[in-house]
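The values are calculated or read from the model by the stated rules, or taken from the named source; none is laboratory data. Since we're looking at a predicted model, the values are computed, not measured. As a convention, Cβ positions derive from the backbone with ideal geometry for all residues, glycine included, and neighbour counts pool all protein chains shown. When the accessible area is computed, the model is the full protein with side chains, heavy atoms only, and any ligands, DNA or RNA have been set aside. Shrake-Rupley method; radii C 1.70, N 1.55, O 1.52, S 1.80 Å.
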Amino acid sequence: MSGMPTSSPPATDQLIRYGGEFAEVLIERASGCWLETADGRRILDFTSGQMCATLGHGHPAILDAMRDAGERVVHLFSGFLSRDVTELARELMAVLPEPLARAMFLSTGGEANEAALRLAKLHTGGHEVLAFAGSWHGMTAGAASSTYSAGRRGYGPALPGTMALPTPNAYRCPIAHCRERCDLTCLDAGMALADAQSVGAPAAVIAEPILSAGGIVPLPDGYMARLKQHCEDRGMLLILDEAQTALGRVGGIFAFEQHGTVPDILTLSKTLGGGLPLSATVTTDAIENDAAQKGFLHFTSHVSDPLPAAVGRAVLQTVLADDLPRRALELGGRLRAGLEELQRRHETIGDVRGQGLMLGVDLVSDRDTRAPAERYGSAVTERCLALGLNVNIVKFPGLGSVLRIAPPLTIAPEDVDLGLEILDQALGDCA
Ligand SMILES: Cc1ncc(COP(=O)(O)O)c(C=O)c1O
């Protein structure tokens, strides 16, 4: 846990800066929960890469699947199928409840949401789409139009019919109504506003069961069921985006199961490929049949590619065989207890929230006013990196300044403790 200099940063002068400045480390290799820099320093990865590598880096099951599929077939004409694709669909349906019955496999989360939105529009005949004000659904046009947490200014008009719903964050109630416990008033108020704006062409609501970029905000009890009812009342489909929450991270295979509500369309991405680009759009027979009859088209270069599908099978099989949801609950409990202990000692921690191994630490400059500690949040993540821990900060206006902590589900208990120790030091050093 010695201080880590940030010498020999990577050469960036020929790269486009797509998300602010790059981190000043050059990563050479990664294994399990650990990254190794070009100059031999080790960094504990508390974000599973970009929240994808839930099995850890270089998991043998993923490497074997890549090697094996690579020797058979990597890529095909998009109308051809391979056994890994049909088997991945079968294995996914075996763990999904009815009426979810059919899947298509794409590469990224944005693409899976794009396909979901196109299915919803074709099926309903509408084009109006609601998403949370703290949402992140991807960078392709439809997904980006329903992404409100960042990236809206400067790119021209969003798609017509896109509207925002208040994010049900009880710690930062969006309508200054609740404190600590959401009573769903923000949902009813948001739907009433959407009704007022509607031109009579409703299509879908797209939602994350735990908003991630929005500051790690789990949907409150009863919210998802009420949201589904609002959708049904208006002839809208409910699309759940489980990019980060599926495949074990929150203590079940899927987060929606904990809410007792089945979506009309489910999208999976990040965690499905365990670090490789693989995503899925899943829906019911009824919606698929209707869309097919209307000539549904979503033909991409890498739809149904065999190699990522083989990796997806390996990920799903490992999650089930190693009971990773249970592990996420156990280690998540250990991590949460440690974060709550830090909260007792550091005035700057206003709130600790999340589920399983997807936790958020809301940093404040004043516990009473809950004013977000934005500069402090950035300083803490930089200090953590210097001390050998990678944590991520989200700090968009209105969403607070929140550390996102989501290590691989395979993390060793002592590495959870080590990460907490480093965070403790960084919180103190930056105060
Ligand atoms: C909930 C959620 N949905 C969709 C996406 C977009 O996925 P991708 O970057 O793979 O397109 C993200 C990315 O962070 C996400 O967090």
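Right, P306: open to solvent by less than 20 Å² (accessible area, probe 1.4 Å), over 25 Å from V352 (Cα atoms), more than 21 Å from the chain's Cα centre (by Cα) and more than 13 Å from the ligand (Cβ to nearest atom) or not?
Judged against the criteria, P306 is a match.
Step by step: first the residues of the range 124-145, then only those that are within 10 Å of the ligand (Cβ to nearest atom) and among the hydroxyl-bearing types (S, T, Y), then the one that is surrounded by the fewest Cβ atoms within 10 Å (Cβ to Cβ). Which residue is that?
My answer is T140.
Condition first: under 30 Å from H123 (Cβ atoms) and assigned to a loop (DSSP other than H, G, I, E, B). Can you find one or more residues in the range 358-375 that meet it?
No, because not a single residue in the range 358-375 is under 30 Å from H123 (Cβ atoms) and assigned to a loop (DSSP other than H, G, I, E, B).
Yes or no: the range 32-50 includes at least one residue that is more than 30 Å from D323 (Cβ to Cβ), open to solvent by 50 Å² or more (accessible area, probe 1.4 Å), away from the ligand (no atom under 16 Å from the Cβ) and of a type in the set (A, V, I, L, M).
Yes - at least one qualifying residue is present in the range 32-50.
Checking the structure you have, find out if any residue of the range 120-129 is on the phi > 0 side of the Ramachandran plot, among the small types (G, A, S) and in contact (Cβ under 8 Å) with a residue 12 or more places away in the chain.
Yes, there is a match, as at least one residue in the range 120-129 is on the phi > 0 side of the Ramachandran plot, among the small types (G, A, S) and in contact (Cβ under 8 Å) with a residue 12 or more places away in the chain.
State all residues of the range 348-373 that are free of Cβ contacts under 8 Å to residues at least 40 places away in the same chain and open to solvent by 40 Å² or more (accessible area, probe 1.4 Å); if no residue qualifies, say none.
Residues satisfying the conditions are S365, D366, R367, D368, T369, P372.
Can you list residue pairs whose Cβ atoms sit under 8 Å apart, with the first residue in the range 73-92 being under 18 Å from A314 (Cα atoms) and the second being aromatic (F, W, Y)? Count only pairs 6 or more apart in sequence or on different chains.
Here the result reads V85/F105; L88/F105; A89/F105, each pair linking the range 73-92 to a residue that is aromatic (F, W, Y).
For the range 187-233, give me the residue count where each residue is more than 21 Å from the chain's Cα centre (by Cα) and at negative phi.
Of the residues in the range 187-233, 22 are more than 21 Å from the chain's Cα centre (by Cα) and at negative phi.
On the given criteria, is C186 more than 16 Å from the ligand (Cβ to nearest atom), outside any helix (DSSP H, G or I) and not aliphatic (A, V, I, L, M)?
In short, no.
So if I check each of G333, G260, G251, which one is touching a helix residue (DSSP H, G or I) at 6+ places or on another chain (Cβ under 9 Å) and either open to solvent by less than 50 Å² (accessible area, probe 1.4 Å) or within 14 Å of F105 (Cα to Cα) (or both)?
Going through G333, G260, G251 in turn, just one is touching a helix residue (DSSP H, G or I) at 6+ places or on another chain (Cβ under 9 Å) and either open to solvent by less than 50 Å² (accessible area, probe 1.4 Å) or within 14 Å of F105 (Cα to Cα) (or both): G251.
List every residue pair whose Cβ atoms lie under 6 Å apart, where the two residues are 6 or more positions apart in sequence or sit on different chains, the first residue falls within the range 219-246 and is more than 30 Å from A53 (Cβ to Cβ) and free of Cβ contacts under 8 Å to residues at least 60 places away in the same chain, and the second residue, located anywhere, is outside any loop (DSSP other than H, G, I, E, B) and within 16 Å of the ligand (Cβ to nearest atom).
Sorted first by the residue in the range 219-246, then by its partner, the pairs are K228/L238; C231/V205; C231/L238.
Take the range 337-347 and flag every residue that is touching a strand residue (DSSP E or B) at 6+ places or on another chain (Cβ under 6 Å) and open to solvent by 30 Å² or more (accessible area, probe 1.4 Å).
Passing the criteria: E340, Q343.
Kindly indicate whether any position in the range 277-295 is under 20 Å from the mean Cα position of the chain (by Cα) and surrounded by fewer than 21 Cβ atoms within 10 Å (Cβ to Cβ).
Checked the range 277-295: at least one residue is under 20 Å from the mean Cα position of the chain (by Cα) and surrounded by fewer than 21 Cβ atoms within 10 Å (Cβ to Cβ).
Taking the range 189-215, which residues are within 16 Å of the ligand (Cβ to nearest atom) and either within 21 Å of P160 (Cβ to Cβ) or touching a residue at least 60 places away in the same chain (Cβ under 8 Å) (or both)?
The answer is A204, V205, I206, A207, E208, I210, L211, S212, A213, G214, G215.
Against the definition (in a loop (DSSP other than H, G, I, E, B), in contact with a Gly (Cβ under 9 Å, 6 or more places away or on another chain), on the phi > 0 side of the Ramachandran plot and away from the ligand (no atom under 16 Å from the Cβ)), how does G156 come out, yes or no?
No, not satisfied.
Answer with yes or no whether I175 is more than 21 Å from L100 (Cα to Cα), outside any helix (DSSP H, G or I) and among the β-branched types (V, I, T).
In short, yes.
Quick one: would you say M104 is on the phi < 0 side of the Ramachandran plot, open to solvent by 50 Å² or more (accessible area, probe 1.4 Å) and in contact with a helix residue (DSSP H, G or I) (Cβ under 8 Å, 6 or more places away or on another chain)?
Here the answer is no, as M104 does not meet what is asked.
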